[in-house]
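Enquirer: The structure under discussion is supplied below as C-alpha cells; questions concerning it will follow.
The values are calculated or read from the model by the stated rules, or taken from the named source; none is laboratory data. Keep in mind the model is a prediction, meaning the values are calculated, not measured. Every residue, glycine as well, gets a Cβ built from its backbone with ideal geometry; the counts of neighbours run over all protein chains shown.
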Amino acid sequence: MIKQAIIPLAGLGTRLLPLTSVFAKELLPINGKPGLEYIIEECIDAGIKEIIFIISKKKMMIKNYFYNDVFYKNLIKKKKDKRIIAEYKKILKYKKMIKFVYQNNPKGTGDAVLKTKKFVKDKYFLMLLPDDLIIKKNCSKSMINTHKKYKASVMASMSVDKKNVSRWGIYKLNKKLNNTDYLIKGVVEKPNVKEAPSNKAVIGRYILPKSIFLKLKNTKPSQGGEIHITDAIQSLIDSNEKFIAHNFLGKYLDCGTMSGYINSSKEISKLWNYAWLEQVTLG
C-alpha cells in the first residue's frame, strides 16, 4: 500500500506575480480555501497517511499556516464560533500528517525529491505537483489502483491537442494495456509538433519507486543547474523499471498561471454551486 506522499512547494511562483511577491502561491484561495488544501484532501481520500512538504525558508508562510495554534485558541476563547472551531480542527488533522523538509536553493523538482530520501519508508511513494489540480475524480486514488494491478510506477496522463504538444512533456508509448493505461518507453520534454511521439501529456501526479533516489543522486544538473525528475525516470525506464501512463478521468485545472488560477476558481465555484443547488433541491 502507498501511504506516503511528497509535495514540492519551494518554487517561487513567478508566473503568479505580483501576488507571489508577498504570498505563497499554494495558499492563494480557490473558491474560499487555499489551493494546497485541495491537494491534501486528494491525498487523504486516496488513503495517504503522511505528507512530506518540501519548502524553502522563503516559504515559511506555509508552515505557519499549519502552526498558528495561538491565533486560533485566542480567537476561539473570544468568539466560540463554530466555523472557526471547525477550521482549527481541520488544520490540526492536517498537521498530524505533515512533515517539512527544506530546499533553500531552487535546483529543480529532482533535487526537491532527493531532499526527502531519509523520510521515505516504503518501496513506492506518491508525488503531487500543486500547480495541477484535478477535480471531479480522485486521480491519485485511481493511480494507486493501477499501481496495485500492474505492480509498476505510474504517472498521470492527459490527451492534449497535437498543436499544443510543445507546452508539455509527452509520453513515448510502448503498449496499450487497457482504455486508460499505457506502458511507456519514456518522456520527451516539450517536443515540436512533427517530433512529438504521441499526444499524451505528463500531468503532475506520480507514483515513484524508492530506487529513484539513487538515480537522482547520479543525475547531472542541466545547464541551468537543475536536476530534472524526468531524467531520473528515463534512467529507471532504461534499467527496465516498468512505468505506466494513466489517463485519469477527472478534470484538469492549471493553477500555475494567472489565467489558469482565475479559471480554476471559476470551475470549482461552478462545482460548489451545483452541489449546493442539488442539496437544496433534494433536501
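Enquirer: Just to be sure I understand, how many residues within region 100-114 are at pLDDT 95 or above and assigned to a loop (DSSP other than H, G, I, E, B)?
Expert: So the count comes out to 0.
Enquirer: Go over the candidates Tyr65, Tyr88, Tyr72 one by one and state the one that is within 20 Å of the chain's Cα centre (by Cα) and of a type in the set (Ser, Thr, Tyr). Show your work before the answer.
Expert: Working: Tyr88 fails: within 20 Å of the chain's Cα centre (by Cα); Tyr72 fails: within 20 Å of the chain's Cα centre (by Cα).
The conditions single out Tyr65.
Enquirer: I need the full set of residues from region 12-46 which are loosely packed, with under 15 Cβ neighbours inside 10 Å and of a type in the set (Gly, Ala, Ser), in order please.
Expert: Of everything in region 12-46, those that are loosely packed, with under 15 Cβ neighbours inside 10 Å and of a type in the set (Gly, Ala, Ser) turn out to be Ser21, Gly32.
Enquirer: Now for a separate question. When region 199-220 is examined, which residues are found to be more than 21 Å from Lys121 (Cα to Cα) and surrounded by 15 or more Cβ atoms within 10 Å (Cβ to Cβ)? I'd like the intermediate steps shown before the answer.
Expert: Restricting attention to region 199-220, the residues satisfying the condition of being more than 21 Å from Lys121 (Cα to Cα) are 199-204, 219-220.
Residues satisfying the conditions are Asn199, Lys200, Ala201, Val202, Ile203, Gly204, Thr219.
Enquirer: Now, a different point. Quick one: Ile54 ticks every box in (1) in a helix (DSSP H, G or I); (2) surrounded by 12 or more Cβ atoms within 10 Å (Cβ to Cβ) bar one, so which box is it?
Expert: Against the list (1) in a helix (DSSP H, G or I); (2) surrounded by 12 or more Cβ atoms within 10 Å (Cβ to Cβ), Ile54 comes up short only on (1).
Enquirer: Another one. Restricting attention to region 116-161, and to residues there that are within 19 Å of Lys215 (Cβ to Cβ) and in a helix (DSSP H, G or I), which single residue is farthest from the chain's Cα centre (by Cα)?
Expert: If we take residues in region 116-161 being within 19 Å of Lys215 (Cβ to Cβ) and in a helix (DSSP H, G or I), then Lys118 is farthest from the chain's Cα centre (by Cα).
Enquirer: Answer yes or no: is there a residue in region 76-99 that is touching a Leu at 6+ places or on another chain (Cβ under 8 Å), outside any loop (DSSP other than H, G, I, E, B) and surrounded by 19 or more Cβ atoms within 10 Å (Cβ to Cβ).
Expert: Checked region 76-99: no residue is touching a Leu at 6+ places or on another chain (Cβ under 8 Å), outside any loop (DSSP other than H, G, I, E, B) and surrounded by 19 or more Cβ atoms within 10 Å (Cβ to Cβ).
Enquirer: I'm trying to understand the selection: among the residues of region 7-33, which are part of a loop (DSSP other than H, G, I, E, B), under 13 Å from Gly108 (Cα atoms) and at pLDDT 85 or above?
Expert: Residues satisfying the conditions are Leu9, Ala10.
Enquirer: If you don't mind, another one. Given the residues Ala196, Ala232, which is the only one that is over 22 Å from the mean Cα position of the chain (by Cα), surrounded by 21 or more Cβ atoms within 10 Å (Cβ to Cβ) and either more than 23 Å from Arg15 (Cα to Cα) or not charged (D, E, K, R) (or both)? Lay out the reasoning, then the answer.
Expert: Details: Ala232 fails: over 22 Å from the mean Cα position of the chain (by Cα).
The conditions single out Ala196.
Enquirer: Turning to a different aspect of this structure: On the basis of being modelled with pLDDT of 95 or more and surrounded by fewer than 17 Cβ atoms within 10 Å (Cβ to Cβ), does Phe125 make the cut? Working first, answer last.
Expert: Values: modelled with pLDDT of 95 or more: yes; surrounded by fewer than 17 Cβ atoms within 10 Å (Cβ to Cβ): no.
Here the answer is no, as Phe125 does not meet what is asked.
Enquirer: Something else now. Output the number of residues of region 14-26 satisfying the condition of being in contact with a helix residue (DSSP H, G or I) (Cβ under 6 Å, 6 or more places away or on another chain) and free of Cβ contacts under 8 Å to residues at least 60 places away in the same chain. Before you say what the answer is, go through the steps one by one.
Expert: To start, the set of residues in region 14-26 that are in contact with a helix residue (DSSP H, G or I) (Cβ under 6 Å, 6 or more places away or on another chain) comprises 16, 24-26.
Narrowing further to those that are free of Cβ contacts under 8 Å to residues at least 60 places away in the same chain: 24.
Result for region 14-26: 1.
Enquirer: Between a residue in region 68-94 that is closer than 18 Å to Lys33 by Cα and any residue that is assigned to a helix (DSSP H, G or I) and of a type in the set (S, T, N, Q), which pairs come within a Cβ distance under 8 Å, given they are 6 or more apart or on different chains?
Expert: Within 8 Å, no pair qualifies.
Enquirer: I would also like to ask the following. Can you name the strands (runs of 3 or more DSSP E) wholly within region 188-283 that have at least 3 residues being more than 18 Å from Ile135 (Cβ to Cβ) and either at pLDDT below 95 or of a type in the set (Phe, Trp, Tyr) (or both)? Reasoning before the result, please.
Expert: Values: elements: 200-209, 243-247, 251-254.
Hits in region 188-283: 200-209.
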